[in-house]
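Where a number appears in this text, it was derived from the coordinates with a stated rule and is not lab data. Because the structure is a prediction, the values reported are computed rather than measured. Cβ: placed from backbone, ideal geometry, glycine included. Neighbour counts: every protein chain shown.
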Amino acid sequence: MQRVTITLDDDLLAGIDRLVERRGYQGRSEAIRDLARNGLAEATAAEGETGACVAALVYVYDHAARELSKRLTNTFHEHHELTLTTLHVHLDHGSCMEVAVLKGEEAAVRRMAERVIAERGVRHGSTVVIPVRDGESLRGLEHHSHTHPGAPPPGDRPD
């Protein structure tokens with residue numbers, strides 16, 4: 001990690017200090033790093049430079065809308081390689097919420113999310129995209145193991 005010096009006007013610094021307080025950051029540096037990451041991710045996506053990502057697609061829909069469930073299911077099947085899991089919640093008599101965790105190339109993930117949100121009968125939708133960069137791998141999302149100091153190898157653990 002490198003130390004840099006920046007100059008901020010008083011209003012901008014006051015806004016950062018409020019953010020630190022509201023979100024419980026340990027200090028300004030953590031808040032500024034998060035803001036910079038988010039800004040870089042937005043700029044990269046806006047410029048068309050996309051790579052691997054993970055994302056959460058959250059949407060609320062009218063479960064009685066004509067054939068909407070079928071259309072949504074078809075969309076997810078057509079993009080099965082992007083979907084890790086989906087959570088379905090019944091909000092009330094007529095509304096359901098789904099949270100889909102997606103992985104893949106950012107452009108493809110965003111296109112799929114936009115397609116879901118644009119379906120007739122989807123009332124609200126939002127996507128949070130987190131780029132996977134700097135040597136991180138999507139393979140780790142599919143399967144990985146943990147080793148802990150002093151723990152026996154996986155085959156030697158009692159059942």
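Under the convention that each Lys and Arg Cβ holds +1 and each Asp and Glu Cβ holds -1, the size of the dipole of region 52-133 around its Cα centre is about 120 debye. Note on Asp62, Asp92: ascending count of other Cβ atoms within 10 Å places them as Asp92, Asp62, the fewest first.
Is region 52-133 best put as rounded, prolate or oblate by its Cα gyration tensor, with a ≥ b ≥ c the root eigenvalues, rounded for a/c under 1.5, and otherwise prolate when a/b is larger than b/c, oblate when not? Cα axes put region 52-133 in the prolate bin. Extent along the principal axes, Cα only, for region 78-122: 36, 21, 15 Å, with the longest axis given first.
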